[in-house]
Amino acid sequence: MEAMRHASTFLRFPAPPDISSPSYALVVLNQRLPRFAPVLWSHAKLRVFADGGANRVYDGMPNLFPEIDPMEVRHRYKPDIIRGDMDSIRPEVKEFYVNMGVKVEDVSYDQDTTDLHKCVNYVCDSMDELAKSNLTEATYSSQFCILIAGALGGRFDHEAGNINVLYKFSNIRIILLSDDCLIQLLPKTHCHEIHIQSSVEGPHCGLVPIGAPSASTTTTGLQWDLIDTGMSFGGLISTSNIVREDRITVKSDTDLLWTISIKKDF
């Protein structure tokens, strides 16, 4: 089984020389901006606000730069597009970005998908088609990822919907981010090597079988490694585990969610 490598190099620039840093798009949702949002923004290839995510950047980015005039900050952080149902963005925020020439796309006709799903669809459609056609799904997912800022916190049904998007787009590396942690899917189609960026993440971590029970999961590099272990809700799940090595390996017969804490002081 082919190994898929993962590293949170988007939190750490420049990336370590021995680990490649994939290109990524940034999607901002309608929850509090993580304090490291400017770092994510500065290296993103594409920047998308999901409806009320525009409010969060308009209000929140100036708070991260108290020494700079708020309007200067707002002009600096201009998205490529605002997309969603348009039921959350405030009128004055919408007007501000429209006056800056930002495209605002109302897709409220589609009530079967969330704003995040709509934005991920847009990112996928915007990627270079030739590059995509020349890559396998495994390579594609390792060379490009989508970071979702403001994905956690607030209503639980919104969080569950965001996690569901990870499963709907399981061939793409999508990472949900908050101030406290990140979450990503580890598909069962691969074994996984997770290279820990210890200056910015850990040590607390977890592996959660949300989609289906696991009859067999094996890990290395954790304080409490799993060895051909079954996991399921109502039984054992690996929460509050701790990374002990710079390289974690995971192999499972089902898709797992990987989560790791993000340090407060980086």
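Against the numbered list (1) among the hydrophobic types (A, V, I, L, M, F, W, C); (2) over 23 Å from T229 (Cβ atoms); (3) modelled with pLDDT of 95 or more, L130 comes up short only at (3). Listed by position, the strands (runs of 3 or more DSSP E) inside region 183-264 whose residues that are surrounded by 15 or more Cβ atoms within 10 Å (Cβ to Cβ), modelled with pLDDT of 95 or more and of a type in the set (S, T, Y) number at least 1 are 214-220, 229-231, 238-242, 247-252, 256-262. Among the residues examined, V57 qualifies as assigned to a helix (DSSP H, G or I), out of contact with any helix residue (DSSP H, G or I) (no Cβ under 6 Å at 6 or more places or on another chain) and surrounded by 17 or more Cβ atoms within 10 Å (Cβ to Cβ).
Scanning region 166-180 for residues that are open to solvent by 30 Å² or more (accessible area, probe 1.4 Å) and out of contact with any Gly (no Cβ under 8 Å at 6 or more places or on another chain) yields K168, S170, N171, D180.
Yes/no matrix, rows are residues, columns are (1) open to solvent by 50 Å² or more (accessible area, probe 1.4 Å); (2) at negative phi; (3) assigned to a loop (DSSP other than H, G, I, E, B):
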| site | (1), (2), (3) |
| --- | --- |
| V27 | no, yes, no |
| Q31 | no, yes, yes |
| R35 | yes, yes, yes |
| M61 | no, yes, no |
| R74 | no, yes, no |
| P79 | no, yes, yes |
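The values are calculated or read from the model by the stated rules, or taken from the named source; none is laboratory data. Since the model is a prediction, treat every value here as computed from it, not as a measurement. Every residue, glycine as well, gets a Cβ built from its backbone with ideal geometry; the counts of neighbours run over all protein chains shown. Areas reflect the complete protein model, heavy atoms only, side chains present, ligands, DNA and RNA absent. Shrake-Rupley method; radii C 1.70, N 1.55, O 1.52, S 1.80 Å.
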